[in-house]
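To keep things clear, I will list the structure first and then write my remarks on it.
Read the figures in this text as sums done on the coordinates, not as results from a lab. Only a predicted model underlies this, so the values are computations on that prediction, with no experimental measurement involved. So basically every Cβ, Gly included, is an ideal-geometry build from the backbone, and we count neighbours across all protein chains shown.
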Amino acid sequence: LENAQKQLEQAIAAFIPLQDEPIASAETPMLDLGTYSLHAIADMFTFDMITHLRYDILAPRGSITRQLPRLDEVRLSPATYWLLGGIPKMQTDLAGHLRAPLALRLVGPGGGNFLISASAESITVEPLVSSGRPVAMLTSSTEDFLAWSTTRVPWRSLVAVDGDGDVASDFLDAINLI
């Protein structure tokens, strides 16, 4: 526990300056993850720690049995931001699996409504506005989004699809964020 606390303190000291301009907007390539603004690195680590702990280390998939409190907005917002930002960047072939725009409603802490659309070979994720014309609405909790978008848990048990199920399924079967 002391080692984890020391690492957390070091990480916070490293991440705080990345939130201030002009460094925050500077772009950096992150291997196969895509290119991101430096301020997103803290979001990436938040996502990584939450997801690995809850879905890889702890039971039932991991070997450690421990109850954790539900995630709050402070933790879910950056993790969700990281994943939403990764949809256009982490899977270069994903646009081929998005035949029409989809709405994504993430409910709970850190949630929101988003439009996922494709043009040519790229995907965009933006806030859903009334002018958006999605063929289906995908509804999930933000906490579940961490699990199904990374294929740790099958999406069919966690996502409600209202609308064109074929278009939604093609996209949801293909998504595998890291």
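Relative to one another, the C-alpha centroids of the range 17-91 and the range 150-177 are positioned 20 Å apart. DSSP beta bridges fully contained in the chain are about 70 percent antiparallel. Once divided by 2.2 N^0.38 Å, the Cα radius of gyration of the chain becomes 1.07. Which value does Rg/Rh take for the range 1-70 over its C-alpha atoms, Rh per Kirkwood? Dividing the radius of gyration by the Kirkwood radius yields 1.07. Projecting the Cα positions of His52, Ile87, Ala136 onto the charge dipole of the chain (unit charges on Cβ atoms of Lys, Arg, Asp and Glu, taken about the Cα centre) puts His52 furthest along the positive direction. Computed packing ranks the peptides 144-157, 57-70 as 144-157, 57-70, most packed first, by mean other Cβ atoms within 10 Å. Counting Lys and Arg as +1 and Asp and Glu as -1 over every other residue whose Cβ lies under 14 Å from the Cβ of Ala118, the net charge comes to -1. Relative contact order of the chain, taken over Cα pairs closer than 8 Å and 6 or more residues apart, is 17 percent.
Restricting attention to the range 93-153, close to 65% of DSSP beta bridges with both partner residues there are antiparallel.
Simple rule: put +1 on each Lys or Arg Cβ and -1 on each Asp or Glu Cβ in the range 93-178, find the dipole, and look at Gly108, Ser119, Val159; the Cα lying farthest toward the positive end is Gly108.
Over the residues of the chain, the helix contribution to mean residue ellipticity at 222 nm works out to -10000 deg cm²/dmol, using -39500 (n - 2.57) for each DSSP H run of at least 4.
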